[in-house]
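Written below as structure tokens is the structure these notes are about.
Values in this text are rule-based calculations from the coordinates and carry no lab data. All values derive from a computational prediction rather than experimental measurement. Methodologically, a virtual Cβ is constructed for each residue, glycine included, from the backbone with ideal geometry; neighbour enumeration extends over all protein chains shown.
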Amino acid sequence: MRCDPKTVAQILWGPSQVGKSSFVNLLLDQRGDQHMARALVGTGNGQSVTTDACLYQVSRFNLADMGGYGDTLLRFTPDEMAARASVKLAGESISAVQVLLFESVCNDTMNVLISLAKLVEGFGEKVVNSVLVVATKTDAVSERRLNQRLEVIKEALQKAGIPQDRLVLWRNEDFEDDDTVERQIQELEDALSYVSPVRFDHLQNLNTRITERAQELCDNQETLYKDVETNLLESYVGQEACTIQVPVIEQQEYTESVPRVVEGGIGHIVDDISEAHGRGFAITASVLTLGLINLYGVRRNPDKIVHYDVVKTKDVISLREEVRLRNVTKYHQVTRSKKVELEPFPVEHFSLEARRQIILEAASAITG
Ligand SMILES: Nc1nc2c(ncn2[C@@H]2O[C@H](COP(=O)(O)OP(=O)(O)O)[C@@H](O)[C@H]2O)c(=O)[nH]1
Ligand SMILES: [Mg+2]
């Protein structure tokens, strides 16, 4: 990417106490306005004296000096540093950035990979292509030690997929003469000319990435359920006693007066007489009477209707009360466990996890 050098800034990135501010001052001394304010340099106690991002325009450089991570007071997280730098650069109309990643060859441990991971954490992955490693404090180690450290730095660059020639040697102190300083600056400029700047608007602010990731996690969260006990009325078929009237057919006796025609005549007379005077008398009387009848030709008595009582039976329907059981719908209270959908978590719930994921991704983007 070709841009006007005036709008390209060089972010000075790396741990605290590696010589970033001293680097700025050296360039100011060598190329800058002598009246320009100098960057504050630490005492070597590990406490970062550079707390805010400051932009120094010197020669063709726009150096963004800032606090280093690993400050002994733990004041700056990489994303805070990145955020401060972003705010500063945006205010200065910077359109693209290169990164000068500082590594002290005096250190026993090699921090390049950590610095790169923290850089990605703060600005996003695209920034890696715009990195130039500045191996500082080369004056403070033997040549053998220097070569060892340079080998280790190159290995780290290879691991991170950065060309191994993205490396310049640097010292802020102990120069034989001014020419050595100039040569060093010239080598820095040459090396930087091969590093294509990343567009400022392509830098991804960590907070924006966290917010976006948190939203993603929030949108994809699983629906959770909880068991809730509820009381409800449940119907069942029960039995209930009830009295009903049952018709019953019974036989009932009754006396009926039945008429009968009794023919008139002797018999009749005998019956009549025997009824009145007894049987023996009646027969005797009848014999005599018959004789008289035969003798004198008396006419027969007329027929008579007599009523007799006859006992009969008839069906009578009556109602009897009976207790029966019948099915009825009854209700009882039961406690049932019901699965209830839980309210989804708000997006803030996922912020920590989003941050964790992005920082992990930043580290693995560097080390693979
Ligand atoms: N020997 C040596 N010491 C240096 C060099 N650059 C910086 N220092 C010292 O390292 C300490 C921290 O420097 P500083 O520029 O404040 O580091 P910063 O925290 O990265 O900005 C100071 O005591 C400097 O004097 C260097 O090239 N050689
Ligand atoms: Mg500093």
*Taking the Cα centre of region 70-141 as origin and charging only Cβ (+1 Lys, Arg; -1 Asp, Glu), how large is the dipole, in debye to the nearest 20?*
140 debye
_Nonlocal amide H pairs with PHE102, under 5 Å, H built at 1.01 Å_ = TRP13, GLY14, VAL134
*Once you have a ≥ b ≥ c as the square roots of the Cα gyration tensor eigenvalues for region 5-204, tell me rounded if a/c is under 1.5, and otherwise prolate or oblate according to whether a/b is larger than b/c.*
rounded
*Scale the Cα Rg of region 328-368 by the rule-of-thumb value 2.2 N^0.38 Å and send over the ratio, two decimals.*
2.63
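Mind sorting SER364, SER257 by how few other Cβ atoms lie within 10 Å of their own Cβ, fewest first? It would help to have the intermediate numbers written out before the result.
Working: SER364 11, SER257 8.
By the 10 Å Cβ count, ascending: SER257, SER364.
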_Longer than 27 Å from Cα to Cα, which of LYS6/LYS126; LYS20/LYS126; LYS6/LYS159; LYS226/LYS330 are they? Say none if no pair is._
LYS6/LYS159; LYS226/LYS330
*Would you tally the net charge around GLU189, using a Cβ to Cβ cut-off of less than 12 Å, leaving GLU189 out, and scoring K and R as +1, D and E as -1?*
0
*Please order TRP13, TRP170 by the number of other Cβ within 10 Å, starting at the fewest.*
TRP170, TRP13
*What list of ³J(HN,Hα) values in whole Hz, one per residue of region 149-159 in order, does the Karplus curve 6.51 cos²θ - 1.76 cosθ + 1.60 (θ = phi - 60°) give from phi, with Gly and Pro shown as x?*
5, 5, 4, 5, 5, 5, 4, 5, 4, 4, 4
